[in-house]
Each structure stands twice: as structure tokens, then as C-alpha cells.
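Asks: Can you keep this structure in mind? I'll have questions shortly.
The values are calculated or read from the model by the stated rules, or taken from the named source; none is laboratory data. These numbers were taken from a predicted model, which means no experiment stands behind them. When we count neighbours, we look across all protein chains shown, and the Cβ atoms used for this are built from the backbone with ideal geometry, even at glycine.
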Amino acid sequence: MSQHGAAPAGAPRVPGLARRPRSGLLERETSEFDRGLSFFDAIYAFAITLLITNVDVPPDATWEDPGALVATGVLHQLGGFVLGFIVIALFWRVNVTLVKRITAMDPATTTANLVAAAFVILIPFTTQGMSDPTAAAYGLPTAIYAANIALASLAQLAMYEVARRRGVEVRPTTRRENVAHVLDSLATPLIFLASIPVALAWGGYVGKLSWLVLLLVAPLAEHLAWRGVPAPGPATGPPDALDNPT
């Protein structure tokens, strides 16, 4: 690597940025890119760690009787911890998959990725409201959580679209591939957005049950979106787990 942070010989070039100012450009195979990637990994790891703060330690006396222990609501909180752990881990997996498909992070792509990370950081907070035993039945905490997940999903999709428009894909996708990717990725945020009025009208438990529709919609959306699209190369195709962050 040169003093100006240029990628070593043989590293992928960034065709869309070849004639643009290189200020703030983090190219793959450089220490700057690795530091940026590590920073985002740390954000997801910290968000997962924060989930344990949602679990209150039951009073000492309740540990003598299983019924008393359950009555403290700790199982609701542990359920929220497990759900939050899975959700954030899937968002991290999506982020890793998307970053693997780009050759560099320019300021616009980095900013878009920071916005997505900000919504992920909020997940422990919204998970607490939804899984707290005194508020789990209310529609508003569930609606706020659903909005959080939808916005995080849309932000990750927007991050890759920014990278695509900036010309930093490993292999530029065709318009048809990109349309398929977008349609496939919209299943999760649309289902969660649709669950908001359900939760507000019929309560938190019904709102949560409506998320199970994803088990049917996600694979169907992927099949329909990618039907007729030529087989992608190793750097393209639907990012793993993009449609299933729950």
C-alpha cells in the first residue's frame, strides 16, 4: 500500500470512482477498509451485548420455587433476549454479505451503512419494551419494534443501493438482477410495517403472531423475484438471510 492508501497491485479496482476524488475512499485489501469493517462488526457485537441488560435478576426468594420464578416475568425477558440475539445476528450476517459484494466503501456508502447500524443499535431498546412482562400485551411497544426492524431492513437495502450507484460492486449487477434483489429484500420490511396497524388495533400478541406470515412470504418473494433471472456469479445473487431477520 502506498502512502496515499492505494490498493496493492492486483487488488480489485473501483471503476465507478476511477476518475473521482479519492478522499474518504476505503478500498478492499487496505488497512483502512479492514478498520472500517471492524468498526461495523463492533457495533453489531455491542448491540447484541446490550440485550442482556433487558433481563432483570429475580429476587433471591423466587429461586426457591419455579412458579415464583416464572411469576417474575423473567421468561418473557429471556424470550426477548433470544429473539433480539437472533435478529441482530441475522442483520450482522446480512451486512457481512453485502460488504463482501463491494470493492470499497466511499463516504456515501459508509454513511448509509452507519444509518443502518444506528437502527440496529436501537433494537435492544425496542426489544425491551416489547418483551417486558408488564408491556408485552400492549400494541404500541410491538408497533415500535416492528417499525425498528422495518427501518433497519430498508436502511441495509439502501446501503447496498448507494454502493451500487457509486460503482463499487465486485461485479456490477444487471438492472434485472438489481430489481430482483430489491423486490426480494422488501418482504421483511413490508410485513413488519403491515403488522403495525395490526398491533395497534388488536394488541401486541396478535401483532407478534402476524410476523409468522414471513415464514410463507419470504421464500415465496425470493422465488418470484428471482424467477427468470440468469444464474448469478459468485459475487451476486440474493444475499443470504436478507429476507429473514426474525
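Asks: Enumerate the pairs (first residue in segment 200-226 and within 16 Å of residue 182 (Cβ to Cβ); second residue anywhere and small (Gly, Ala, Ser) and surrounded by 14 or more Cβ atoms within 10 Å (Cβ to Cβ)) with beta-carbon separation below 7 Å, excluding pairs fewer than 6 apart on the same chain, so at least 6 apart or on different chains.
Replies: Within 7 Å, the pairs are 217/187; 218/187; 221/187; 225/180; 226/180.
Asks: So, restricting to helices (runs of 4 or more DSSP H) that lie completely within segment 73-190, which ones have at least 1 residues that are within 21 Å of residue 37 (Cα to Cα) and touching a residue at least 24 places away in the same chain (Cβ under 8 Å)? Full working, then the answer.
Replies: Working: elements: 74-100, 107-121, 123-131, 139-165, 175-185.
Output list reads 74-100, 107-121, 123-131, 139-165.
Asks: A further question follows. In segment 94-105, is there at least one residue being surrounded by 23 or more Cβ atoms within 10 Å (Cβ to Cβ), under 24 Å from residue 190 (Cβ atoms) and touching a helix residue (DSSP H, G or I) at 6+ places or on another chain (Cβ under 8 Å)?
Replies: Taking segment 94-105 first, the residues surrounded by 23 or more Cβ atoms within 10 Å (Cβ to Cβ) are 94-95, 102-105.
From what is left, the residues that are under 24 Å from residue 190 (Cβ atoms) are 94-95.
Filter again for touching a helix residue (DSSP H, G or I) at 6+ places or on another chain (Cβ under 8 Å), leaving 94-95.
Within segment 94-105 (the criterion being surrounded by 23 or more Cβ atoms within 10 Å (Cβ to Cβ), under 24 Å from residue 190 (Cβ atoms) and touching a helix residue (DSSP H, G or I) at 6+ places or on another chain (Cβ under 8 Å)), the answer is yes, since at least one residue qualifies.
Asks: I'd like to check something: does segment 163-173 contain any residue that is touching a Gly at 6+ places or on another chain (Cβ under 7 Å), surrounded by fewer than 21 Cβ atoms within 10 Å (Cβ to Cβ), modelled with pLDDT under 95 and hydrophobic (A, V, I, L, M, F, W, C)?
Replies: No.
Asks: Only one of (1) more than 23 Å from residue 102 (Cβ to Cβ); (2) in a helix (DSSP H, G or I) is not met by residue 40, so which one is it?
Replies: (1)
Asks: Working only within segment 117-143, note down all residues that are over 21 Å from residue 46 (Cα atoms) and of a type in the set (A, V, I, L, M).
Replies: 135, 136, 137, 140, 143
Asks: Would you pick out the residues in segment 46-101 that are closer than 14 Å to residue 121 by Cα and charged (D, E, K, R)?
Replies: Once the filter is applied, which keeps residues that are closer than 14 Å to residue 121 by Cα and charged (D, E, K, R), segment 46-101 yields nothing.
Asks: Sticking with this structure for a sec: Return the pair list, or none, for Cβ contacts closer than 8 Å from residues in segment 27-40 that are surrounded by 18 or more Cβ atoms within 10 Å (Cβ to Cβ) to residues that are of a type in the set (D, E, K, R) and not in a helix (DSSP H, G or I), at least 6 apart or on different chains.
Replies: Within 8 Å, the pairs are 33/27.
Asks: Quick one: is residue 56 part of a helix (DSSP H, G or I) and among the charged types (D, E, K, R)?
Replies: Working: part of a helix (DSSP H, G or I): no; among the charged types (D, E, K, R): yes.
The answer is no for residue 56.
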